[in-house]
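The values are calculated or read from the model by the stated rules, or taken from the named source; none is laboratory data. All of these numbers come straight from a predicted model, not from anything done at the bench. We place every Cβ from the backbone using ideal geometry, glycine too, and count neighbours over all the protein chains shown.
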Amino acid sequence: MRESIQAFMYELSPWLLSHGVKILFYLIGAYLLRAIARRFIARVIRISVKQDERNPTAQDEKMREDTLIRVCVLVINFALLGLFVMMSLQEMGIPIGPMLAGAGIFGIALGFGGQYLVRDIISGFFIIFENQYRIGDVVNFDGTSGKVEDIGLRITTLRDMDGTVHHVPHGEVKKVANFSKSFARVNLDIPIVYASNLDHVIETVNRVGMELAEDLTWKDLIIKAPQFLRVDDFTDTAILVKIVGETQSLKQWQVTGELRKRIKEAFDREGIEMPVHDRQIRKSEPPAPIT
């Protein structure tokens, strides 16, 4: 038995000193390339990732960067592992031509089956990289609206006003409307009767908007006080007056609700009439989230 082992080691020694050393070098080279690539990718992503203009916390930015780095490093790891295995098999005398041909056929089959998965992952990578939206934003995906609860590489999870959770694959997202990017806008149409004095209405609306913006409870939420913009339209029963202002992101619904309340109270005091039978047609907006 001992002689057999010695004979085997004697025959194996030349192979270890030639091919075995090469395989060891391949392993060390793959490890070094992985370390260098990881450091290079991390540096490039941390420099090139788009910063959020809303003064995000360091933790939010680090989460985005770490996600992108993890995806890129995973791809590099698979590529280096495949290269190392192929080169090692060749050193062992195993022909890799048939294996590459088989892998190509398998890859084609896998490509047909997993094309949607790949599409979702690639789309998710660019969504995170470009910072199109983030957790906590209120968005609309082609009619599906809600608050973003989670962003993965393959899907985004939304919760709508009814509490229903929607899982939206990134590859299905063709257009994103983000209602909480940087700032939000009060966009309110108020109907008044034709007999109203427009100068009186404008003075009342502007005064109410300034009072709201100066209120201690609301001033931190308002960037620009709601003010009269224009006479927006004439309907069969009313004149539509457009009021606009700017608020902190996700606060437009709260501010608009309070503005409606104060305008109604001010109109009652000032004797400004609103038509009883007037249905205002507004372009669709997502329901205000509970915040």
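General remarks:
- Restricting the range 44-95 to residues that are within 21 Å of I121 (Cβ to Cβ) and part of a loop (DSSP other than H, G, I, E, B) leaves a set whose member that is modelled with the lowest pLDDT is K50.
- Tally of residues being in contact with a Gly (Cβ under 9 Å, 6 or more places away or on another chain) and assigned to a strand (DSSP E or B) across the range 127-156: 9
- Between T256, T247, the distinction of being within 30 Å of G143 (Cβ to Cβ), in contact with a helix residue (DSSP H, G or I) (Cβ under 6 Å, 6 or more places away or on another chain) and at pLDDT below 95 belongs to T247 only.
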